[in-house]
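Asks: Structure incoming, see below.
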Amino acid sequence: MGVSCELGFLNMAAPLSVEVEFGGGAELLFDGVKKHQVTLPGQEEPWDIRNLLVWIKKNLLKERPELFIQGDSVRPGILVLINDADWELLGELDYQLQDQDSILFISTLHGG
Amino acid sequence: MVSIFSLPRIRRSLPFPPRPDPEMPAPQCASCNKARAALRRPRSGQALCGTCFCAAFEAEVLHTVVAGRLLPPGAVVAVGASGGKDSTVLAHVLRELAPRLGISLRLVAVDEGIGGYRDAALAAVRRQAARWELPLTVVAYADLFGGWTMDAVARSTAGSGRSRSCCTFCGVLRRRALEEGARLVGATHVVTGHNADDMAETVLMNFLRGDAGRLARGGGLGSPGEGGALPRCRPLQLASQKEVVLYAHFRRLDYFSEECVYAPEAFRGHARDLLKRLEAARPSAVLDLVHSAERLALAPAARPPPPGACARCGALASRALCQACALLDGLNRGRPRLAIGKGRRGLDEDGPPREAEPEPSGPPASEPVPAF
């Protein structure tokens, strides 16, 4: 866990390996693929959910982005779990990603 | 340093709970004070772990059923099962509660005849029935309604300007089909999986349509079974969508979550978006709206006239035919039509005209879209 400290002198966060998962119908916007093992490149700013969403939109989202992202957040009605805990407990968009985190997006908007 | 989140607190009256520090781990569960909290409950703001949340969720459904006297001991309960999240959670929770309630369960699934969609959903229901060892009966539109499948209805309505109202047609027929299926399995009660968000959307839609009759009827947790219909209730009516989905997640329930191939009811989409925005500003908005409808009373002049019986099937109807019979009649005559709120004309020329208000037995337009 945690960002590698050897790279601290470069003032760069190391690349992160995280699991991104979609469920509850949200996977339909991602070619039906639920689990994605992704590597986020090193960058100056620490990775948080806000810029993870930008990354997802650019790299994973296949169709109808407005059904997943609205403004700089997820569409209302999509739940976000960070390591199986509600993101509302963890700072939502401001949560800083750690290596090996798992982020799950569940749509509540599909069927009943 | 003691996290402020480890202190039990009730945030019922605070629309904006303080934002947690992104550097801090999730707080402790406010109930067991041991495990890390896994969610914040939308209504109370309380932070609970997965185990305590699931226990609380089940206890609340139990309370809804017992306090409302919805399912008496000895009841044979037909659960409308669509394979989707709501009916999956409902069936699972009632199965947990069945011994304490003294009820027995039957799953009833409706095959609407929607190619490529319903087959996958029914497969999910079959898996659930097998895993939970519950008897399952599937009733099909085609068998019940003289060969009409939803695909055939959609083709028939395509050019009539009513193609967007597939959900409404389907809602009327599904309600009837579920009733027939429940009778087939000897049920004394019917339960459906409508949650608080579904109900709040419906209340909002009825308000926006000025549909006072439906608004007044929509309150409460179900209908006692007028006009010979089986009593119906919605045990999840006070549970938020978020909690239904998280319950399914923490209990690892397998459910079906694909979009129906027919366009969803457009107006409900607007109501849902509006509700989501209201909820962001005031987390209790959903439940407050459900309670508002419960407390509503119509002025005598605004009350719809007492319903009569459908000339064809005997169900409650405010016109000569109930909505399901009127719909099938229109389809068979090649003039698919359906009454939605006001402006219903030409359906039952041969019957005595009553007020053009929809009958209490079938609220399709205001019935939540989710299958059950």
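The values are calculated or read from the model by the stated rules, or taken from the named source; none is laboratory data. Just so you know, these numbers come straight off a predicted model, no measurement behind them. As a convention, Cβ positions derive from the backbone with ideal geometry for all residues, glycine included, and neighbour counts pool all protein chains shown.
Asks: Could you list, ordered by first residue, the pairs with Cβ atoms under 6 Å in which the first is in segment B:33-49 and at the interface with another protein chain (Cβ under 10 Å from one of its Cβ atoms) and more than 20 Å from B:GLN241 (Cβ to Cβ) and the second is aliphatic (A, V, I, L, M) and surrounded by fewer than 17 Cβ atoms within 10 Å (Cβ to Cβ), at least 6 apart or interchain?
Replies: Every condition considered, the pairs that remain are B:CYS49/B:ALA35.
Asks: Now for a separate question. Please work out which residue is farthest from B:PRO42 (Cα to Cα), limiting yourself to segment B:283-310 and to residues that are surrounded by fewer than 17 Cβ atoms within 10 Å (Cβ to Cβ) and touching a helix residue (DSSP H, G or I) at 6+ places or on another chain (Cβ under 8 Å).
Replies: Per the criteria, the residue is B:ALA309.
Asks: While we're looking at this one, here's another question. Please work out which residue is nearest to the other protein chains (Cβ to nearest Cβ), limiting yourself to segment A:87-102 and to residues that are more than 22 Å from B:GLN46 (Cα to Cα) and not in a loop (DSSP other than H, G, I, E, B).
Replies: A:GLN96
Asks: On to the next question. Looking at (1) over 20 Å from A:VAL38 (Cα atoms); (2) polar (S, T, N, Q); (3) more than 7 Å from chain B (Cβ to nearest Cβ), can you tell me which one A:THR108 breaks?
Replies: Looking at each condition in turn, A:THR108 falls short on (3).
Asks: May I pose another question? Take B:GLY213 and decide whether it is more than 14 Å from chain A (Cβ to nearest Cβ) and at pLDDT 85 or above. Explain how you work it out, then say what you get.
Replies: On the way: more than 14 Å from chain A (Cβ to nearest Cβ): yes; at pLDDT 85 or above: no.
It is false that B:GLY213 is more than 14 Å from chain A (Cβ to nearest Cβ) and at pLDDT 85 or above.
Asks: Something else now. Give me the residue from segment B:311-339 that is surrounded by fewer than 20 Cβ atoms within 10 Å (Cβ to Cβ), modelled with pLDDT of 80 or more and of a type in the set (Gly, Ala, Ser) and, out of that set, nearest to the chain's Cα centre (by Cα).
Replies: Filtering first and then ranking leaves B:GLY314.
Asks: State whether the residues of segment B:136-153 include one that is within 14 Å of another protein chain (Cβ to nearest Cβ), surrounded by 24 or more Cβ atoms within 10 Å (Cβ to Cβ), of a type outside the set (Lys, Arg) and within 11 Å of B:VAL110 (Cβ to Cβ). Steps first, please.
Replies: Initial filter on segment B:136-153 (within 14 Å of another protein chain (Cβ to nearest Cβ)): none.
No, segment B:136-153 contains no residue that is within 14 Å of another protein chain (Cβ to nearest Cβ), surrounded by 24 or more Cβ atoms within 10 Å (Cβ to Cβ), of a type outside the set (Lys, Arg) and within 11 Å of B:VAL110 (Cβ to Cβ).
Asks: Let me ask another. If you check B:THR64 against the conditions, is it within 28 Å of B:PRO231 (Cα to Cα), of a type in the set (Val, Ile, Thr) and in a helix (DSSP H, G or I)?
Replies: Numbers: within 28 Å of B:PRO231 (Cα to Cα): yes; of a type in the set (Val, Ile, Thr): yes; in a helix (DSSP H, G or I): yes.
Yes.
Asks: What is the number of the single condition among (1) crowded, with 20+ Cβ neighbours inside 10 Å; (2) over 14 Å from B:ALA200 (Cβ atoms); (3) away from chain A (no Cβ under 11 Å) that B:VAL245 does not meet?
Replies: (3)
Asks: Do we find that B:TYR262 is within 25 Å of B:LEU94 (Cα to Cα) and of a type in the set (Ser, Thr, Tyr) in this structure?
Replies: Details: within 25 Å of B:LEU94 (Cα to Cα): no; of a type in the set (Ser, Thr, Tyr): yes.
For B:TYR262, the condition - within 25 Å of B:LEU94 (Cα to Cα) and of a type in the set (Ser, Thr, Tyr) - is not met.
Asks: Just checking, does segment B:144-153 include any residue being farther than 16 Å from B:ASP329 by Cα and part of a helix (DSSP H, G or I)? If you could, list the steps in order and put the result at the bottom.
Replies: As a first pass, look at segment B:144-153 and keep what is farther than 16 Å from B:ASP329 by Cα: B:151.
Narrowing the set further to residues that are part of a helix (DSSP H, G or I) leaves B:151.
Yes, segment B:144-153 contains a residue that is farther than 16 Å from B:ASP329 by Cα and part of a helix (DSSP H, G or I).
Asks: Moving on. Only one of A:VAL33, A:VAL74 is in contact with a strand residue (DSSP E or B) (Cβ under 9 Å, 6 or more places away or on another chain) and farther than 24 Å from B:PRO283 by Cβ; which? Before you say what the answer is, go through the steps one by one.
Replies: Numbers: A:VAL74 fails: farther than 24 Å from B:PRO283 by Cβ.
Result: A:VAL33 is the single residue among A:VAL33, A:VAL74 that is in contact with a strand residue (DSSP E or B) (Cβ under 9 Å, 6 or more places away or on another chain) and farther than 24 Å from B:PRO283 by Cβ.
Asks: Give the residues of segment B:277-315 that are in contact (Cβ under 8 Å) with a residue 24 or more places away in the chain, within 30 Å of A:ARG75 (Cα to Cα) and more than 14 Å from chain A (Cβ to nearest Cβ), sorted by residue number.
Replies: The answer is B:SER284, B:LEU287, B:LEU289, B:VAL290, B:SER292, B:ALA293, B:GLU294.
Condition check ((1) basic (Lys, Arg); (2) at pLDDT 85 or above; (3) outside any helix (DSSP H, G or I)) across all residues:
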{"position": "B:GLY161", "(1), (2), (3)": "no, no, yes"}
{"position": "B:VAL172", "(1), (2), (3)": "no, yes, no"}
{"position": "B:ARG175", "(1), (2), (3)": "yes, yes, no"}
{"position": "B:MET199", "(1), (2), (3)": "no, yes, no"}
{"position": "B:PHE207", "(1), (2), (3)": "no, yes, no"}
{"position": "B:LEU230", "(1), (2), (3)": "no, yes, yes"}
{"position": "B:PRO235", "(1), (2), (3)": "no, yes, yes"}
{"position": "B:ALA248", "(1), (2), (3)": "no, yes, no"}
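Asks: Follow-up. Just need a number here: residues in segment B:2-41 that are of a type outside the set (Gly, Ala, Ser), at pLDDT below 85 and either over 15 Å from A:ALA85 (Cβ atoms) or part of a loop (DSSP other than H, G, I, E, B) (or both). So that I can check it myself, show each step before the final result.
Replies: At the first step, the residues of segment B:2-41 found to be of a type outside the set (Gly, Ala, Ser) are B:2, B:4-5, B:7-12, B:14-25, B:27-29, B:32-34, B:36, B:39-41.
Of the ones still in play, those that are also at pLDDT below 85 are B:2, B:4-5, B:7-12, B:14-25.
Going one step further and asking which of them are either over 15 Å from A:ALA85 (Cβ atoms) or part of a loop (DSSP other than H, G, I, E, B) (or both), we end up with B:2, B:4, B:7-12, B:14-25.
The total comes to 20.
Asks: Ok, one more. Which of (1) away from chain A (no Cβ under 14 Å); (2) aliphatic (A, V, I, L, M); (3) in contact (Cβ under 8 Å) with a residue 12 or more places away in the chain is the odd one out, the single condition B:VAL79 does not satisfy?
Replies: Status for B:VAL79: all satisfied but (1).
Asks: Can B:GLY115 be described as in a loop (DSSP other than H, G, I, E, B), in contact with an Asp or Glu (Cβ under 7 Å, 6 or more places away or on another chain) and surrounded by fewer than 16 Cβ atoms within 10 Å (Cβ to Cβ)? So that I can check it myself, show each step before the final result.
Replies: Details: in a loop (DSSP other than H, G, I, E, B): yes; in contact with an Asp or Glu (Cβ under 7 Å, 6 or more places away or on another chain): yes; surrounded by fewer than 16 Cβ atoms within 10 Å (Cβ to Cβ): yes.
Answer is yes for this residue.
Asks: A further question follows. What are the residues in segment B:70-116 that are of a type in the set (A, V, I, L, M, F, W, C) and over 16 Å from B:HIS194 (Cβ atoms), if any?
Replies: Restricting attention to segment B:70-116, the residues satisfying the condition of being of a type in the set (A, V, I, L, M, F, W, C) are B:70-71, B:75-79, B:81, B:89-91, B:93-94, B:97-98, B:101, B:103, B:105, B:107-110, B:114.
Those that are of a type in the set (A, V, I, L, M, F, W, C) and over 16 Å from B:HIS194 (Cβ atoms): B:ALA75, B:VAL76, B:LEU97, B:ALA98, B:LEU101, B:ILE103, B:LEU105, B:LEU107, B:ALA109, B:ILE114.
Asks: Another question, then. When both residues are 6+ apart or on different chains and their Cβ atoms are under 9 Å apart, which pairs have a first residue that lies in segment A:69-86 and is within 8 Å of another protein chain (Cβ to nearest Cβ), and a second that is small (Gly, Ala, Ser) and surrounded by fewer than 16 Cβ atoms within 10 Å (Cβ to Cβ)?
Replies: As it stands, the answer is A:PRO76/B:ALA280; A:LEU81/A:SER102; A:ASP84/A:SER102, since those pairs meet every condition given.
Asks: Go through (1) surrounded by 16 or more Cβ atoms within 10 Å (Cβ to Cβ); (2) assigned to a loop (DSSP other than H, G, I, E, B) one by one and return the number of the condition B:LEU275 breaks.
Replies: (2)
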